[in-house]
Amino acid sequence: KQEVTQIPAALSVPEGENLVLNCSFTDSAIYNLQWFRQDPGKGLTSLLLIQSSQREQTSGRLNASLDKSSGRSTLYIAASQPGDSATYLCAVLMDSNYQLIWGAGTKLIIKP
Amino acid sequence: EAGVAQSPRYKIIEKRQSVAFWCNPISGHATLYWYQQILGQGPKLLIQFQNNGVVDDSQLPKDRFSAERLKGVDSTLKIQPAKLEDSAVYLCASSPRNTGELFFGEGSRLTVL
């Protein structure tokens with residue numbers, strides 16, 4: 001059974017720092033991995049999608065990597081800003097049944 | 001391109017009453033998901049449709065929740081009768097078959113008193 005873990009559960013850093021959020025999964029038979037952002041009281045916004053054949057995706061200050069063999073993905077945020085404060089969730093889409101398995105999220109606070 | 005549309009955005013009801021939520025996915029997206037998200041927790045899948053067929057409803061409390069997706073397009077999620085613990089945000093998402101990328105609506109926030 002696939003398990004997705006996000007560490008840390010919460011992170012607080014000063015503005016301007018580069019930071020890394022981690023997502024690990026136990027079953028490498030995935031179709032893709034997706035990173036989402038959720039602001040309080042809002043829906044989920046897709047940040048980056050990495051297909052199983054890809055190693056990384058970039059969008060602006062965000063870079064997500066995928067290492068299927070080790071069951072890990074990282075979301076790198078460069079030059080963090082207070083507006084980056086949100087909860088970040090990763091989710092893997094399983095190859096076998098198209099089921100989406102979620103991590104519990106990392107709550108990120110960027111201090112001005 | 002229009003996003004996933006959900007309504008209503010907010011609903012307050014008393015326990016034992018019924019409520020229905022509506023979702024219109026992005027045009028052409030074959031897969032539609034309904035999630036329940038309780039404050040402070042990650043999304044919990046309630047039901048997943050592929051076109052108008054159910055792929056996974058293993059976590060749907062079928063004694064009180066029901067969902068349908070007529071003609072493989074829009075979908076409704078109904079709760080009858082509601083309980084206090086149903087207070088949550090109900091999120092609808094859709095994805096195209098080729099990429100599997102999920103796009104979410106803004107959600108419907110339910111408060112059961």
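Among residues of the stretch B:39-52 being at pLDDT 90 or above and more than 10 Å from chain A (Cβ to nearest Cβ), the one that is nearest to B:VAL89 (Cα to Cα) is B:LEU46.
From the list B:GLY105, B:GLY100, pick out the single residue that is on the phi > 0 side of the Ramachandran plot, open to solvent by less than 40 Å² (accessible area, probe 1.4 Å) and within 13 Å of chain A (Cβ to nearest Cβ).
Working: B:GLY105 fails: on the phi > 0 side of the Ramachandran plot.
So the residue among B:GLY105, B:GLY100 that is on the phi > 0 side of the Ramachandran plot, open to solvent by less than 40 Å² (accessible area, probe 1.4 Å) and within 13 Å of chain A (Cβ to nearest Cβ) is B:GLY100.
Residues in the stretch A:35-61 that are touching a residue at least 24 places away in the same chain (Cβ under 8 Å) and assigned to a strand (DSSP E or B): 7 in all.
Pairs please, first residue from the stretch A:82-98 and over 18 Å from A:SER65 (Cβ atoms), second anywhere and among the aliphatic types (A, V, I, L, M) and open to solvent by 40 Å² or more (accessible area, probe 1.4 Å), Cβ atoms under 8 Å, 6+ apart in sequence or on different chains. Close Cβ pairs (under 8 Å, with a partner that is among the aliphatic types (A, V, I, L, M) and open to solvent by 40 Å² or more (accessible area, probe 1.4 Å)) amount to A:SER85/A:ILE109; A:MET94/A:ALA29; A:ASP95/A:ALA29; A:SER96/A:ALA29; A:ASN97/B:VAL55; A:TYR98/B:VAL55.
Restricting the search to the stretch B:50-67, which residues are closer than 22 Å to B:ARG109 by Cβ and part of a strand (DSSP E or B)? Outline the logic, then answer.
At the first step, the residues of the stretch B:50-67 found to be closer than 22 Å to B:ARG109 by Cβ are B:59-61, B:64-67.
Residues satisfying the conditions are B:PHE65, B:SER66, B:ALA67.
For B:SER75, the stated conditions hold: it is polar (S, T, N, Q) and open to solvent by less than 30 Å² (accessible area, probe 1.4 Å). Listed by first and then second residue, the pairs linking a residue in the stretch A:18-34 that is in a loop (DSSP other than H, G, I, E, B) to a residue that is surrounded by fewer than 16 Cβ atoms within 10 Å (Cβ to Cβ), with Cβ atoms under 6 Å apart and 6 or more places separating them unless they lie on different chains, are A:ASN18/A:ALA78; A:THR26/A:GLU3; A:ALA29/A:ASP95.
Could you list all residues from the stretch B:1-20 that are in a loop (DSSP other than H, G, I, E, B) and open to solvent by 100 Å² or more (accessible area, probe 1.4 Å)?
Pass one, the stretch B:1-20, residues in a loop (DSSP other than H, G, I, E, B): B:1-4, B:8-9, B:14-18.
Correct list: B:GLU1, B:GLU14, B:ARG16.
The values are calculated or read from the model by the stated rules, or taken from the named source; none is laboratory data. In this text the structure is predicted, and so the values were computed from the model without any measurement. Here the Cβ is made from the backbone with ideal geometry for all residues, glycine too, and neighbour counts use every protein chain on show. For accessibility, only protein heavy atoms count, side chains too; no ligands or nucleic acids. Shrake-Rupley method; radii C 1.70, N 1.55, O 1.52, S 1.80 Å.
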